[in-house]
Amino acid sequence: MYFNFEDGNVKELPFPVDDMRTFKNYTVGNSDILLMSLKDQLHGIDLEAGKVLWSTPKEDETFEGFVHRYITQDGENAIVVYNRARLVSQDAGTYLFCMNINLKTGKLNYAARVMLSATVWTDFQRGLASTITGAFATFVTVASGGIAAGQAGDAIDVVSDLLGYSNIGFDYNYFEYRDMIVFEGRDKVDMKNPENRETPGEGYVAVNKKTGEIVYQDYFELCAGMYGHLFEMIAAPVTVGNVRYIAGEERLAAFDLDTGKRLWFIDGNEKLALVSDLYVFDDIVYAGYGIQNYNIQLVEDEVKAKTSIDEDPYGFMAVDAKTGEILWDVGLESMPGLFSPQFSIENYYSKNMNRLYFSDDENIYSLKMGRDGGDFDWKFNFEGNNIGELDFEETYAIVERWIGSEVRTFTTTTPIGGGWAMQTTHPPVD
């Protein structure tokens, strides 16, 4: 349903809500075009005219599945990630295609196959109940006349995410680089090469944004089989110039985005079982490995700190960014995160001093960085310098209030476009 606030006209188009998967609003010239992805079919809708511009043919295997992510707009064309999932088939698995389609005509310019996962995520697993789906029939309303197209787009994106089809059982990344769309595969589930259905299937694939040509592809193993809770803790990739640095389970790689080749690849290093921090400076890759996370709870009148994740070994490793040579490696008895708030190598690295400063419950450390680093200049021991010890739990102050002495909750209203507003109730903020 489309409301035009300028002339009061209302246009309504019937669509099967249960078949809706994702959708996104685009501005093409003076028109607002809604690209709607239904089950196994795409539609282009002129919102202001209230009519369907085009629909892809039913039973066309090219459009089996739905649009998973909307990458970018290139003139009149939308570039999207289309996923096709088959559970029982010789071609089983979830394929990802980089697809370019004309928003005005529906012409498919290209569909480049880029990734394949052995995982198949069904509607049943998403747990979409008919009562929830039915609720969208009254919520999926678009209005752009008289308001900014961006606001209408924000509202559409919110509803699209609520449909529940953002989860396809695995994750991937993509980004624009020069005239390419680069896909980056790194996940705990089994990934396969989509050309031959063999492992490994993580790595990089680049697609020419204009033509759909596969510029390069390099599939290699990074995190397949990794425990899920540890995979969530792995450091994000880092890009410096044309080089992408990425960590895996016992692996660290440098990938040249220009040539599509790995500059170097460290494989099977047990200390890199979990790279939780990654930072590049002065042609050196610094990797922090191991992790300790804590849950802080108030139990009656005492603060309790309990370990939620504890993955050793702990330490820092320096690697030559150009060659992959390990310059030095220093082990730790614990990770500094608990006693060094918001710790990361980038946050605690003094470039002027070329030192990394951090602390644990016994010492403050000064670690020499650079190519000839890996040694501690000094350690300041609390007890040895008559400062004593302070248990972590004692660093928290407990604030007591009488129940009912102040408002327990408050509500905020956030406009999301299209005449819609989202109301959120929050707990009190100190």
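Quick note: the coordinates plus some simple rules give every number you see, no bench work behind them. These numbers were taken from a predicted model, which means no experiment stands behind them. Note that we place each Cβ from the backbone using ideal geometry, even for glycine, and neighbour counts take in every protein chain shown.
Details
- Measuring r between the beta carbons of Phe380 and Trp264 and using R0 = 60 Å, the FRET efficiency lands at 0.95.
- Backbone amide hydrogens, once placed in the peptide plane, bring Val280 within less than 5 Å of Tyr286, excluding anything fewer than 5 places away on its chain.
- Two-site FRET efficiency, Tyr294 against Thr62, from Cβ-Cβ distance with R₀ of 56 Å, rounded to 0.05: 0.65
- Three-way shape label, segment 184-299, alpha-carbon gyration tensor, a/c 1.5: prolate
- For segment 232-272, GluC sites (Glu not before Pro) meeting the loop criterion (DSSP other than H, G, I, E, B) and having at most 11 other Cβ atoms within 10 Å: Glu232.
- At R0 = 30 Å, FRET efficiency that the Cβ-Cβ distance of Asn196 and Phe281 yields, to 0.05: 0.15
- Listed cross-link partners Lys188/Lys261; Lys39/Lys192; Lys24/Lys104; Lys58/Lys107; Lys271/Lys322 are compared with a 19 Å cut-off, the Cα-Cα value being larger for Lys188/Lys261; Lys39/Lys192; Lys271/Lys322.
- Residue order, fewest to most beta carbons within 10 Å, for Leu108, Leu87: Leu87, Leu108
- Cleavage-rule hits (trypsin sites (Lys or Arg not before Pro)) in segment 16-104: DSSP loop, at most 13 neighbouring Cβ within 10 angstrom: Lys58
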